[in-house]
2 protein chains.
Amino acid sequence: MEEKNKKTEDIVSMLTARDFASLRRALCDENPADIAELFEEVAKEQYPLVFRLLPKELAAEVFVEMDSDVQKIVIGAFSDYELQQVLDELYLDDTVDLIEEMPANVVSRILRNCSPADRQMINQLLRYPKDSAGSIMTTEYVNLKQDMTVEDAFSLIRRDAIDKETIYTCYVTAPNRKLIGIVSAKTLMISPLDKKIGDIMEQNVISVNTQTDKEEVGFLFGKYSFLALPVVDTEGRMLGIITFDDAMDVISEETEEDFAVMAAITPSEGDASYLKTSAFSVFKARIPWLLLLTLSATFTGLIISSFEASLSACVVLTAFIPMLMGTGGNCGSQSSVTVIRGLSLGEIEFHDIFTVLWKELRVSLLCAAVLAAMTFVKIFLVDYLLLHVLEPAEMLTVPLTVCLTMCVTVVSAKLIGCALPILVKKLGLDPAVMASPFITTIIDALSLAVYFAFAVWLIPGIS
Amino acid sequence: MEEKNKKTEDIVSMLTARDFASLRRALCDENPADIAELFEEVAKEQYPLVFRLLPKELAAEVFVEMDSDVQKIVIGAFSDYELQQVLDELYLDDTVDLIEEMPANVVSRILRNCSPADRQMINQLLRYPKDSAGSIMTTEYVNLKQDMTVEDAFSLIRRDAIDKETIYTCYVTAPNRKLIGIVSAKTLMISPLDKKIGDIMEQNVISVNTQTDKEEVGFLFGKYSFLALPVVDTEGRMLGIITFDDAMDVISEETEEDFAVMAAITPSEGDASYLKTSAFSVFKARIPWLLLLTLSATFTGLIISSFEASLSACVVLTAFIPMLMGTGGNCGSQSSVTVIRGLSLGEIEFHDIFTVLWKELRVSLLCAAVLAAMTFVKIFLVDYLLLHVLEPAEMLTVPLTVCLTMCVTVVSAKLIGCALPILVKKLGLDPAVMASPFITTIIDALSLAVYFAFAVWLIPGIS
């Protein structure tokens with residue numbers, strides 16, 4: 001890290017010293033992703049200057065890695081010729097991503113400067129639904145025929161490789177464009193030059209449809225660790241491929257979404273990092289949930305008010321409310337988070353619901369027993385012997401009430417916590433919305449009701 | 001999915017029908033990962049039977065994908081010859097993973113059946129610390145020399161490719177074994193056969209040390225979307241490579257750890273899926289945290305007890321405790337989860353702490369204002385007009401107390417929630433342990449103290 005910051009400093013100082021020769025040399029040694037990061041260190045006015053120093057191909061690679069706001073500024077400074085240069089180097093799926101990020105006027109300028117063929121492709125790609133496999137695929141892949149020889153394949157790759165995002169998996173299609181097999185570059189390299197592609201190709205190919213959900217695509221990459229995944233239409237005709245870097249982006253997006261929703265935050269679109277989002281948009285992402293949850297806490301309030309009489313008869317009961325609610329919340333979120341992840345990783349499915357419930361039941365009984373026992377001891381030692389907040393008369397009834405409530409809370413918390421996400425997913429909603437915050441609110445109300453019920457039943461003088 | 005289940009059924013029925021010819025054919029069409037999953041459908045006794053049907057190479061690929069318990073049974077049924085066959089096909093890093101999972105007696109059997117050269121390598125790999133880059137690297141990579149021609153490179157690859165996990169990035173080393181450059185298979189394919197490797201190799205190589213933390217490795221793969229990353233010793237001598245599939249495993253492990261710890265669960269070692277873990281081990285992973293959190297709730301209890309007098313003087317105050325604590329908890333976890341992810345994704349670092357605090361301060365003030373306003377209205381409409389739980393005399397003092405407490409709670413919750421994880425990480429601990437549950441407990445105590453302080457100050461008759 002220090003070393004990296006050092007480099008950045010050097011480069012920035014070269015820039016201020018206007019020593020462009022060494023600056024260009026320094027930049028060429030850097031990795032595109034790092035150069036893109038570097039733009040955050042230099043003044044907006046200098047973006048185009050720095051960018052123009054980069055050699056054509058590197059420039060494109062850097063451009064892809066930039067934040068959309070930086071891209072906008074750079075494009076703004078481009079002459080149409082420069083823009084064409086860059087677009088020329090971009091892979092189609094990156095151009096599409098770019099277009100999706102840019103304002104209308106920039107988009108039309110980009111499309112104007114694309115080759116007609118590309119423009120047609122782009123328009124087609126833009127038509128796929130937002131979260132579909134089609135929206136993240138590229139139409140540039142190595143397309144082989146089964147009667148080609150390995151040698152033909154090599155010369156074809158040698159000719160086209162430059163514009164293909166990956167050449168490590170080649171796709172074999174029939175004359176009717178149906179996908180009939182794949183050949184890895186590895187297989188090509190170790191096969192004799194005169195062998196027919198048809199004889200060395202792998203025929204059992206896993207592919208997805210343009211409509212397949214992005215999430216499913218990420219799941220397949222995670223499971224099979226593919227380098228690329230072919231996308232076909234309903235007739236099995238080859239349309240494009242999804243490369244593993246795009247799949248990795250999908251996977252991490254999904255994960256961050258889970259984290260966000262579990263913390264009761266509206267997930268941010270795309271990869272806007274926290275430090276770059278304005279305080280107000282952070283506020284907007286958080287406040288709706290807070291309002292909802294705070295309002296829903298009204299019920300717990302109501303339950304308490306309706307037992308005001310009982311409470312004033314035995315105020316000490318109040319002291320245990322936070323502990324009971326806290327424990328319930330924690331037990332619930334333990335189960336819900338576990339199940340929610342199981343669901344998004346495809347480990348748990350709807351038909352597992354009873355297995356899950358049965359397991360959570362046993363777990364919760366164990367937890368309940370241990371927690372109740374500890375609480376009983378703690379009340380006796382701390383509240384009774386040490387702090388005397390309990391009257392001798394209450395010494396049995398109150399802890400009994402608390403511990404029984406604890407047991408009911410823990411068990412119901414874990415059962416609700418594991419069942420709700422599965423049911424919600426079955427309804428076609430994101431299970432993560434049923435994460436801790438909501439379950440906690442439900443448990444809170446429940447545990448209080450149980451608490452007071454036990455109190456009325458067990459503690460003399462409470463009605 | 002249906003289609004997949006269909007396949008599974010067919011295969012299982014072929015097995016029961018003992019129609020091994022078609023079974024073998026059916027299996028050969030499947031992807032290794034799917035075949036491995038299939039073993040969960042068949043009886044333990046049949047594992048070896050099914051496994052022996054697989055052709056040598058496929059068998060090894062399937063073996064790698066199996067759960068360790070399945071692997072153990074299969075190995076148990078192997079003759080030494082069969083074991084050698086499989087080990088022969090395995091990549092070294094997979095053999096090492098296997099050894100780490102197996103009981104001592106199996107391990108010694110495995111080592112006995114490895115070639116002496118492999119055994120030496122394995123022992124060396126086993127010596128690297130558990131979470132280090134060295135522990136997940138493989139020593140099998142394509143090693144080129146600067147003065148080779150592209151043609152030499154191809155023939156070398158053609159000779160060795162079979163035993164190399166990836167041939168798509170080749171590593172160029174000097175006679176002293178120092179790593180001096182990399183060449184991608186793509187570059188090789190598009191370069192003239194007589195070109196010297198030294199002229200086409202990429203010289204600015206990103207590499208890691210054997211001691212580098214796995215997490216850092218995952219981060220680099222995520223950032224640069226590498227196919228493989230070279231591992232060098234302190235003198236920059238080439239030792240091995242980490243391939244992207246292993247890196248992806250690391251990334252998902254780290255993520256699941258974050259989820260677990262955020263839900264106050266001890267993260268499970270390796271990839272033990274929820275459905276496969278016994279209820280008791282689930283219990284063991286959860287109970288310590290529950291005990292800790294429940295005990296720590298004692299403080300909140302103490303605070304309440306010490307204000308018993310005030311509460312009995314104005315019992316209605318109790319009704320708002322759940323809402324205040326709930327809101328505090330949610331605000332806290334919103335900030336903490338955001339910051340914790342930022343930290344593990346490397347977006348947020350220690351020096352950003354003031355930027356983060358300043359942002360959270362503004363966000364929290366906005367949230368506080370909105371929440372307090374809504375609460376005031378809600379108390380007036382619901383508790384006063386609708387339910388009459390408030391006396392006219394209390395109509396100003398109580399809501400004022402609640403809303404002021406709300407403001408203080410929200411602001412402090414967000415500030416504590418964002419600052420604690422950063423500080424904890426600075427101390428070299430996992431920031432996730434400072435996630436919601438703990439912060440919630442802290443906020444609970446804080447908000448109650450503030451609540452009662454305001455009550456004593458604002459509400460007449462409370463002391």
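The values are calculated or read from the model by the stated rules, or taken from the named source; none is laboratory data. No experiment lies behind these values; they were computed from the predicted model shown. All Cβ positions, even for glycine, are placed from backbone atoms using ideal geometry, and neighbour counts span all protein chains on display. Heavy atoms of the whole protein, side chains included, go into the accessibility calculation; ligands, DNA and RNA do not. Shrake-Rupley method; radii C 1.70, N 1.55, O 1.52, S 1.80 Å.
For the stretch B:360-371, filtering for residues that are in contact (Cβ under 8 Å) with a residue 12 or more places away in the chain, open to solvent by 10 Å² or more (accessible area, probe 1.4 Å) and within 14 Å of B:THR327 (Cβ to Cβ) leaves 1. Number of residues in the stretch A:20-57 that are open to solvent by 60 Å² or more (accessible area, probe 1.4 Å) and not in a helix (DSSP H, G or I): the value is 3.
B:ALA60 falls short on exactly one of the conditions (1) in contact with a helix residue (DSSP H, G or I) (Cβ under 7 Å, 6 or more places away or on another chain); (2) within 18 Å of B:PRO116 (Cβ to Cβ), and that condition is (2). Applying the criterion of being closer than 17 Å to A:PHE259 by Cα and in a helix (DSSP H, G or I) to the residues of the stretch A:339-362, the residue that is modelled with the lowest pLDDT is A:SER344.
Residues checked against (1) out of contact with any Cys (no Cβ under 7 Å at 6 or more places or on another chain); (2) at the interface with another protein chain (Cβ under 7 Å from one of its Cβ atoms); (3) open to solvent by less than 40 Å² (accessible area, probe 1.4 Å); (4) not in a helix (DSSP H, G or I):
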site: A:MET248; (1), (2), (3), (4): yes, yes, yes, no
site: A:GLU257; (1), (2), (3), (4): yes, no, no, no
site: A:ALA260; (1), (2), (3), (4): yes, no, yes, no
site: A:ALA264; (1), (2), (3), (4): yes, yes, yes, yes
site: A:PRO267; (1), (2), (3), (4): yes, no, no, yes
site: A:ARG286; (1), (2), (3), (4): no, yes, yes, no
site: A:LEU290; (1), (2), (3), (4): no, yes, yes, no
site: A:SER296; (1), (2), (3), (4): yes, no, yes, no
site: A:LEU302; (1), (2), (3), (4): yes, no, no, no
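Just for the stretch B:201-223: of the residues that are part of a helix (DSSP H, G or I) and surrounded by fewer than 19 Cβ atoms within 10 Å (Cβ to Cβ), which one is nearest to the chain's Cα centre (by Cα)? Residue satisfying both the conditions and the ranking: B:GLU215. Here B:ASN5 meets each of (1) over 28 Å from A:PHE221 (Cβ atoms); (2) assigned to a helix (DSSP H, G or I) with one exception, condition (1). When the stretch A:380-395 is filtered for residues that are touching a residue at least 40 places away in the same chain (Cβ under 8 Å) and in contact with a Leu (Cβ under 9 Å, 6 or more places away or on another chain), the ones remaining, listed by number, are A:ASP383, A:VAL389.
I need the full set of residues from the stretch B:396-410 which are without any contact (Cβ under 8 Å) to a residue 60 or more places away in the chain and touching an Asp or Glu at 6+ places or on another chain (Cβ under 9 Å), in order please. Selection gives B:PRO399 alone. Consider the stretch B:140-175 and keep the residues that are in contact (Cβ under 8 Å) with a residue 60 or more places away in the chain and out of contact with any Asp or Glu (no Cβ under 8 Å at 6 or more places or on another chain). The one that is farthest from the other protein chains (Cβ to nearest Cβ) is B:THR173.
If B:VAL389 meets every condition in (1) open to solvent by less than 20 Å² (accessible area, probe 1.4 Å); (2) farther than 30 Å from B:ILE251 by Cα; (3) at the interface with another protein chain (Cβ under 10 Å from one of its Cβ atoms) apart from one, which number is that one? Checking B:VAL389 against (1) open to solvent by less than 20 Å² (accessible area, probe 1.4 Å); (2) farther than 30 Å from B:ILE251 by Cα; (3) at the interface with another protein chain (Cβ under 10 Å from one of its Cβ atoms), the one that fails is (1).
Within the stretch B:89-112, the residues that satisfy the criterion of being over 18 Å from B:LYS130 (Cα atoms) and either small (Gly, Ala, Ser) or open to solvent by 10 Å² or more (accessible area, probe 1.4 Å) (or both) are B:GLU89, B:LEU90, B:TYR91, B:ASN105, B:VAL106, B:SER108, B:ARG109, B:LEU111, B:ARG112. For the stretch A:308-338, the set of residues classified as crowded, with 24+ Cβ neighbours inside 10 Å and outside any helix (DSSP H, G or I) is empty. Give the residues of the stretch A:321-344 that are more than 7 Å from chain B (Cβ to nearest Cβ) and either in contact with a strand residue (DSSP E or B) (Cβ under 9 Å, 6 or more places away or on another chain) or of a type in the set (A, V, I, L, M, F, W, C) (or both), sorted by residue number. Matches in the stretch A:321-344: A:LEU324, A:VAL339, A:ILE340, A:LEU343.
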